[in-house]
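Encoded as structure tokens, the structure appears first; notes follow it.
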Amino acid sequence: MCGVCGVYNFENAAEMLYLGIFALQHRGQDNAGMAVWDGQEVRIHKDRGLVFDIFQPGVLQSLPGRIGIGHTRYPTAGDSSMANAQPHYADTSRGRMVIVSNGDITNMLEQTRLLKSRGFTPYGSNDAEVIVATVAYHYEQTGDPARAISLMMDEIRGSYSAILLFNGDLYVFRDPLGIRPLAMGSLDGRWLFASESCAIETMGGAFMREVAPGELVIVTPQGLNSTQLKKSERLAHCVFEHIYFSRPDSVIFGESVAQKRFMLGQRLAGEHPARADLVMPVPDSSNNAALGFSRESGLPYKLALIRSHYIGRTFIGSTQAIRDFAVRLKFNPDRSLINGKRLAVVDDSIVRGTTSNKIMRMLREAGAREIHLRIASPPIAHSCFYGVDTPRRSELIASAKSVAQIRDFVGVDSLGYLSLPGLRSCLSRPDDYCYACLTGDYPVPPPNLK
Ligand code: SF4
């Protein structure tokens, strides 16, 4: 889960990128970075932390230029150290190639070995470094960046939504399965790219369309050019972009995220009605699903759990003890709404179950008489290998426990998950999605199952 952004021909590219990656902060809070081309050379700045903290005015002024790329990072492959912070680069005989990418490649070890056997060693072990090193290698062989990207796509498997900056031109491309999103937009005839349409709008632009799976969009002084480099027999959009990751004000895979979540909640209420006094979300990613549940069930919608927005994921991540403490910092129940009530609580998913358990305990302490937990997705029983930091399979509570056992573990009176057919029925093109963490049916062989 990362956010990428690219801007072309703006008076101050760094300021535009700031707006873009700020709007993508929810996709990664560990590191952020930018690369800006000033017409002669490319300057890179990246650091640990939030966009707001890293890109103070002095830093933005040190990145002059009209063309640039930006990134916010949540660690998946590799750790959260600066060595893995993006943008990454590879030097060629005709200039430096710089890349930002969202996703995970599944054949990284083999590809790194292949590159080394060709005498072309990536600087580090991050998947974006392997992508840019592979493109750079083929560029040295062919002298054609587009051909080099096409050859990279032949070799690299997995997910990547990427923007490459090379001598002032932008190369924007997406893996043939279209696993992660990538939007393009315009502002006064100039081009903007971002993981989500909400970032295009935050930059003041108009969302136009998504970069298609397997497509390469090239922006040069001569204009914008598009080539369909690869065509896959199937698509595999990440269904969790709709369930959880993306911002609700984005259009992802051609569909409004807020509208999809509302539909998931409606369908959930139909599948698992609850005898309750009110319905409440676990904010914020479940707000729209709870609204849908409320509409379908007729139960009043109450914001009975308040979320603090001043806590980053960096803090949440590392150990179980820190995660426990962070749940208290993040959520506080409104006793005046909860005391003596039967609650229908809507959440988007359950991962380990430990966070759900703590929230439900808080609700009991606030006086909840009954808790009926409703989950707007099927159980997550398998790990993700395409850019989402799900834990090892053994840590996923649904990999080993039944729904009844999970109900007891999280401490609720009843538990209902949306069914897979229910989830599919809410999507306009359900066959175009990846459901691997729900079903174990991986569209690209994961590293340890080959
Ligand atoms: Fe998304 Fe799950 Fe597929 Fe990963 S495995 S891409 S989280 S649907």
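Just so it is clear, none of the values below were taken in a lab; they were calculated from the coordinates. Just so it is clear, the structure is predicted and the values come from calculations on it, not from any experiment. All Cβ positions, glycine included, derive from the backbone under ideal geometry; neighbour counts span all protein chains shown.
Can you give the relative contact order of the chain as a percent, counting alpha carbon pairs under 8 Å and 6+ residues apart? Over the chain, the number comes to 13 percent. Net charge dipole, the chain: roughly 1240 debye, given to the nearest 20, about the Cα centre with Cβ charges of +1 for Lys and Arg and -1 for Asp and Glu. The residue among 95, 333, 205 whose Cα reaches farthest toward the positive pole of the charge dipole of the chain, with charges on the beta-carbon of Lys, Arg, Asp and Glu, is 333. Here the contact order of segment 19-121, divided by its residue count and restricted to Cα pairs under 8 Å and six or more residues apart, works out to 27 percent. Label-to-label distance for residue 48 and residue 395 is 1.9 nm, based on points extended 7 Å past Cα in the beta-carbon direction. Taking a ≥ b ≥ c as the square roots of the eigenvalues of the Cα gyration tensor of segment 1-148, is the shape rounded (a/c under 1.5), prolate (a/b larger than b/c) or oblate? Note, shape of segment 1-148 comes out oblate. For segment 71-168, the dipole from Cβ point charges (+1 on Lys and Arg, -1 on Asp and Glu) about the Cα centre works out to 140 debye, to the nearest 20. Remark on residue 334: its backbone amide H falls under 5 Å from those of 305, 306, a criterion applied only to residues 5 or more positions apart or on other chains, H modelled at 1.01 Å from N. With θ taken as phi - 60° and the Karplus curve 6.51 cos²θ - 1.76 cosθ + 1.60 applied, the whole-hertz 3J(HN,Hα) list for segment 207-220 is 5, 9, 6, 8, 5, 6, x, x, 8, 10, 10, 10, 10, 10 Hz, x standing for glycine and proline.
Calculated translational diffusion coefficient of segment 184-278 (37 °C, 0.692 mPa s; Stokes-Einstein with Kirkwood radius over alpha-carbon pairs) equals 209 µm²/s.
Note: relative contact order over segment 275-415, using C-alpha pairs below 8 Å and six or more positions apart, is 24 percent. Think of the chain as having a plus end and a minus end, set by charges on the Cβ of Lys, Arg, Asp and Glu; of 282, 148, 9, 282 sits farthest toward the positive end of this dipole.
Does segment 95-227 come out rounded, prolate or oblate, given a ≥ b ≥ c as the square roots of the eigenvalues of its C-alpha gyration tensor, rounded meaning a/c under 1.5 and, failing that, prolate meaning a/b above b/c? Here segment 95-227 falls in the prolate category. In the chain, a dipole from Cβ-located charges (positive for Lys and Arg, negative for Asp and Glu) runs towards its positive end, and of 214, 176, 442 it is 442 whose Cα lies farthest in that direction. Multiplying the residue separation of residue 140 and residue 310 by 0.36 nm and removing their Cα-Cα distance gives an extension gain of 56.5 nm. Taking a ≥ b ≥ c as the square roots of the eigenvalues of the Cα gyration tensor, the chain is prolate, since a/c reaches 1.5 or more and a/b is larger than b/c.
Between residue 116 and residue 420, the contour length at 0.36 nm per residue exceeds the Cα-Cα span by 105.1 nm. Sequence-ordered 3J(HN,Hα) estimates for segment 335-352 from the Karplus curve with 6.51, -1.76 and 1.60 and θ = phi - 60° stand at 4, 5, 8, 9, 4, x, 9, 8, 9, 9, 9, 9, 10, 7, 6, 10, 9, 8 Hz, glycine and proline given as x.
Dipole magnitude for segment 125-205: about 120 debye, using +1 per Lys or Arg Cβ and -1 per Asp or Glu Cβ, origin at the Cα centre.
Give me, ordered by chain and number, the residues 5 or more places off residue 239 or on other chains with an amide H under 5 Å from its own placed amide H. Here 434 satisfy the definition.
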